[in-house]
Amino acid sequence: MFENLSDRLQDVVHKIKGYGKITEENISEMMREIRLSLLEADVNYKVVKEFTNNVKEKALGEEVNKSLSPGEVFVKIVKDELTELLGGENTPLNISGNPATLMLVGLQGSGKTTTIGKLANYLRKNNKKKPLLVACDVYRPAAIDQLKQIGKELNIEVYSEGKGNPVEISKNGIKYAKDNGYDYVLIDTAGRLQIDESLMDEQNYIIAKKGNTDVIDKMNTCIKKFLASDDYAKLCKKYDLSPLETK
């Protein structure tokens, strides 16, 4: 998703840099391209509307009109608004613990298994960690095979027990990591198409077993609206979870 979005936005940035002045006419053209880019990336239309309105309002403001390089200012506005859209602040990964533990959760098809491999490789290269991948998605067909293939390509071991109990698998995986010198455990979990109580219970139990688990929720930006809803607040209360902060 982000690769396609990046390509489209780069085309927009290239066009806007060629303008000596930002006008209502050319900014409307650019905003149309940005709107299409976000919609094609499956961003919720309400989020897209809010984003494009914010960019257009700032781009037509006095700061840009007085700028010697309006195109460059427009690029900065788009970058800042995209950063805000994706959460605003950079939160570093938890690297404490013996072993440090990370669990990736989110919707089906949001790219968790691929991402967890990238995270493991990042931690190995940038934090000098020895990561272990733990296969706890026992529901999606070929999910375990996919994780094993990623591990093979990256030369990172994958702990798997097949179609067992994910709570027990995660507990056994952490023990295996301790016994075999791994200092970072990354747990790949099952996704869902909607809020599934049994899966929420399953993930909550895993967190309870390992209290300092770093939980990364890999979601499309359209889910930000849900995080601010009453339904999300009720869900957190029911499972005794700390709500994620939203902007």
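Any read-out appearing in this document is the output of simple, stated calculations on the displayed coordinates, not a laboratory observation. Here the structure is a predicted model, which is why all the values come from computation and not from measurement. For neighbour counting, all protein chains shown are included, and Cβ atoms are generated from backbone atoms with ideal geometry for every residue, glycine included.
With 27 Å as the limit, write out which pairs from Lys152/Lys175; Lys21/Lys46; Lys15/Lys118; Lys79/Lys148 have Cα-Cα distances beyond it, or answer none.
Numbers: Lys152/Lys175 22 Å; Lys21/Lys46 29 Å; Lys15/Lys118 32 Å; Lys79/Lys148 36 Å.
Pairs exceeding 27 Å: Lys21/Lys46; Lys15/Lys118; Lys79/Lys148.
Is the shape of the stretch 105-154 rounded, prolate or oblate, going by the alpha carbon gyration tensor and its root eigenvalues a ≥ b ≥ c, with a/c under 1.5 for rounded and a/b larger than b/c for prolate?
The shape class here is prolate.
So what are the ³J(HN,Hα) numbers for the stretch 89-96, from phi and the Karplus equation (6.51, -1.76, 1.60; θ = phi - 60°), rounded to whole Hz, Gly and Pro as x?
Taking θ as phi minus 60°, the curve returns 10, 8, 9, x, 5, 6, 10, 9 Hz for the stretch 89-96.
Put a dot 7 Å past each Cα toward the Cβ at Glu89 and Asp145; how far apart are the dots in nm?
Calculated label separation equals 4.3 nm.
Glu72 versus Asn172, label points 7 Å from Cα toward the beta carbon: distance in nm?
Going by the 7 Å Cα→Cβ label model, 5.9 nm.
Between Asn180 and Lys118, what FRET efficiency follows from the Cβ-Cβ distance if R0 is 35 Å, with the result rounded to 0.05?
0.95
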